[in-house]
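A.B. asks: Would you mind keeping the following structure in view while I ask a few things?
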Number of protein chains: 2
Amino acid sequence: MSVTDEYLANNETYAASFEGPLPLPPSRHVAVVACMDARLNVYAALGIREGEAHVIRNAGGAVTENEIRSLAISQRLLGTREIVLVHHTDCGMLTFSDDAFRRQIEEETGIRPPWAAEAFGDVEQDVRQSVRRIKASPFVPHTDAVRGFVFDVATGRLNEVR
Amino acid sequence: MSVTDEYLANNETYAASFEGPLPLPPSRHVAVVACMDARLNVYAALGIREGEAHVIRNAGGAVTENEIRSLAISQRLLGTREIVLVHHTDCGMLTFSDDAFRRQIEEETGIRPPWAAEAFGDVEQDVRQSVRRIKASPFVPHTDAVRGFVFDVATGRLNEVR
């Protein structure tokens, strides 16, 4: 049995006590942009309940054009106003360089990726980079309430980056 | 008090009973790619526990170059092997067209977005589109176990797309 099949069996249990549907627009008007890291359970760590906040995630919690796309849709079409960025300690993105990763892929596949890996050397600095990318975008209209945090995978605590 | 501050207060409670740290690589070797929709609590809906699976999310659960970047890092550097795609019923991406959204932004900001909005007209068809984009990528090495689902926001149930 694959892990996917196990998760489907778990979903049967979830659906048995499910109460829905909730409205489409996030009720607390928040969008979270977080790293994909397996240890970061965004709903639990922030106490978000179903229906409250958009959750956008990728390797590193990077803000690329695709996150700008998601945030533009979130704010312009679905009414969110606050943005919460979450990176974390012990991140995989600290363990390699863009150049080495792209070279390894090119050596194995014969094709150079058209994207940067978005690796970084300092997690707090990368949170600031992500905040700045959002504030610099002409497509995200509401950037007064953008705050960035580092989730500590040892303690479960969010520490604000200023 | 902002919603962000409320979430920070929730985090104090979460951290008080937190047990960590867990290892960096996902223990169940799974990556989930899901829509950012607020009603889709991925950990709860699939019964995923902290540390088990990468979770990648964006508007629509689209597979763009940025998701290929995240999946390449997930599989090549952190050992995941299965991919679970999750779209859902009543998706915001069904309610507008790429052209209209881009035109609205251009009219308001004077700048045409360089990205497609990735809106779609049929959720099952878009799941198949996303599966095909992953399988077509030269940068995602393990595509034998890619399965796509539609989460029903009324029942909480995952329905497989074949």
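The values are calculated or read from the model by the stated rules, or taken from the named source; none is laboratory data. Bear in mind that the values here come from a model prediction, so they are computed numbers and not experimental data. Ideal geometry is used to build each Cβ from the backbone, glycine not excepted, and the neighbour counts take in all protein chains shown. Remember, those area values only see protein heavy atoms, side chains included, never the ligands or the DNA or RNA. Shrake-Rupley method; radii C 1.70, N 1.55, O 1.52, S 1.80 Å.
A.B. asks: Could you compute how much accessible area chains B and A hide from each other, both sides summed, with a 1.4 Å probe? Nearest 100 Å² is fine. Display every interim value, and only then the final one.
C.D. replies: Numbers: alone 10290 and 10290 Å², together 12940 Å².
It comes to approximately 7600 Å² buried between B and A.
A.B. asks: Go ahead and run the numbers for FRET between residue B:145 and residue B:95, Cβ-Cβ distance against an R0 of 35 Å, rounding to 0.05.
C.D. replies: Taking R0 as 35 Å, the efficiency between residue B:145 and residue B:95 is 0.65.
A.B. asks: Moving on. How much mean residue ellipticity at 222 nm does chain A get from its helices, if each DSSP H run of length 4 or more adds -39500 (n - 2.57) and you divide by all residues, to the nearest 500 deg cm²/dmol? Don't skip to the end; give the middle numbers.
C.D. replies: Numbers: 5 runs with 59 residues, N = 162.
About -11500 deg cm²/dmol.
A.B. asks: Still on this model: Across every pair of different alpha-carbon atoms, what Kirkwood hydrodynamic radius in Å does chain B reach?
C.D. replies: Working: mean 1/r = 0.0573 Å⁻¹.
Evaluated over chain B, this radius sits at 17.4 Å.
A.B. asks: For segment B:87-162, count the residues as N, evaluate 2.2 N^0.38 Å, and divide the Cα radius of gyration by that value, please.
C.D. replies: 1.36
A.B. asks: Okay, next question. Which one of A:87, A:97, A:154 is farthest out on the positive end of the charge dipole of chain A, using unit charges on Cβ (Lys, Arg +1; Asp, Glu -1) and the Cα centre as origin?
C.D. replies: My answer, from the dipole projection, is A:87.
A.B. asks: Given an 8 Å cut-off on Cα distances and at least 6 residues of separation, report the relative contact order of chain B as a percent.
C.D. replies: Details: 238 pairs, mean separation 38.0, N = 162.
23 percent.
A.B. asks: Set Lys and Arg Cβ to +1 and Asp and Glu Cβ to -1, take the dipole of the protein assembly as shown about its Cα centre, and tell me which of A:27, B:111, A:44 lies farthest positive.
C.D. replies: Going by the charge dipole, the pick is B:111.
A.B. asks: Determine the dipole magnitude for segment A:1-51: charges of +1 sit on the beta-carbon of Lys and Arg, -1 on that of Asp and Glu, nothing else is charged, the reference point is the Cα centre, and the result goes in debye to the nearest 20.
C.D. replies: 320
A.B. asks: Also: Based on the alpha carbons, how large is the Rg to Rh ratio for the protein assembly as shown when Rh follows Kirkwood?
C.D. replies: When Rh is taken as the Kirkwood radius, the ratio is 0.93.
A.B. asks: Under a 1.4 Å probe, what is the accessible area of segment B:22-161 per residue, stated in Å²? Walk me through the numbers on the way to the answer.
C.D. replies: On the way: 5000 Å² over 140 residues.
Value for segment B:22-161: 36 Å² per residue.
A.B. asks: Then there is this: Based on Cβ point charges of +1 for Lys and Arg and -1 for Asp and Glu, what charge dipole magnitude is obtained for segment B:22-161 about its Cα centre, in debye rounded to the nearest 20?
C.D. replies: For segment B:22-161, the charge dipole is close to 560 debye.
A.B. asks: About the Cα centre of the protein assembly as shown, how large is the charge dipole given +1 on each Lys and Arg Cβ and -1 on each Asp and Glu Cβ? Please answer in debye to the nearest 20.
C.D. replies: The dipole of the protein assembly as shown has a size of about 400 debye.
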